[in-house]
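Inspection log for the structure reproduced underneath, given as structure tokens.
Each value in this text was obtained by applying a stated rule to the coordinates, not by laboratory testing. The structure presented is a predicted model; accordingly, all values stated were derived computationally and were not measured. In this analysis, Cβ positions are derived from the backbone assuming ideal geometry, glycine residues included, and neighbour counts consider all displayed protein chains.
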There are 2 protein chains.
Amino acid sequence: MVDYSAPQLDDVFHALADPTRRAMVARLSHSEQTVGELAAPFSITLAAASKHIKVLERAGLIARTVNGRTHMCRLDTAPIHAGMEWMRHYEKLWNQRIDVLEGLLASEDADTKRADPKPDDQQAPPKGTGS
Amino acid sequence: MVDYSAPQLDDVFHALADPTRRAMVARLSHSEQTVGELAAPFSITLAAASKHIKVLERAGLIARTVNGRTHMCRLDTAPIHAGMEWMRHYEKLWNQRIDVLEGLLASEDADTKRADPKPDDQQAPPKGTGS
DNA sequence: ACTATATTCAACTACATGGTTGACTATAGC
DNA sequence: GCTATAGTCAACCATGTAGTTGAATATAGT
């Protein structure tokens, strides 16, 4: 039973809430990068990029290896996995809702309506339809 | 090919970066709740809770139905799905790394080392070991 | 009409964030 | 040893965030 402590999630989600940092993660998914390389694509100062990297580091998304005067950064995807673990539970609801929608369409078509999906806890009534 | 616009992701990840808001999402996954009900478990003022709800609303995570003087909130998990879609790509790397680790253990055991995993683009060398 | 309930709004405080600049540290190369 | 390169640090600024309080709005109940 994984716990995935909440403060960790705070940091991970916060780190990923910034487009610059998400772009850094994307670049790191291809290859390791130095701080300078990581900063290059953005029109911000090295100092600003350094701060972004530190935020990613605090979230555990980046591990740094100091090698002489260059700092090599590599992606650690474990925190992303943790974030997904948290989200997955609610994505299940999303899938359920899709199922309910398909169920409605089906019952609308067949008008049989023998639907009896197992009650998980006490789930929100669909009432979707939206637009 | 899904796009999932970046500003949406900014809002979703930012909304989920706060423990109070994540708790609200959790409660809404069980049932719809009014603003008051949503605020009750926390030792903050209604006004503060109202702000949190607005953040979740802006991220598209909550839809509100004004019913008389009460505002009923229900969870919309589509943005969570979008967030997961973004993360899923990097989780794949996580799984890859697990595979690599298992591969290393296997080769260590058999000492055959005929490893030749398809080069995806130019991926980071494992170099793990950490602690 | 009057009062209680549900919720937002505006103003304010304290603190975090993202950015800058300039100085500093440390390594690499001549 | 001197200079260029890689990166951090500290101070500062503007803006955003999370919280408060008090007033305002709107509906429900009597």
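Measuring from a point 7 Å out along Cα→Cβ, what nm distances, shortest first, does B:A6 have to its partners in the other copies?
List, nearest first: 3.2 nm.
From Cα pairs below 8 angstrom and at least 6 apart in sequence, can you work out the relative contact order of the stretch A:1-66, rounded to a whole percent?
37 percent
Separation between the B:V66 and B:H89 pseudo-spin-labels, each 7 Å from Cα along Cα→Cβ, expressed in nm?
3.9 nm
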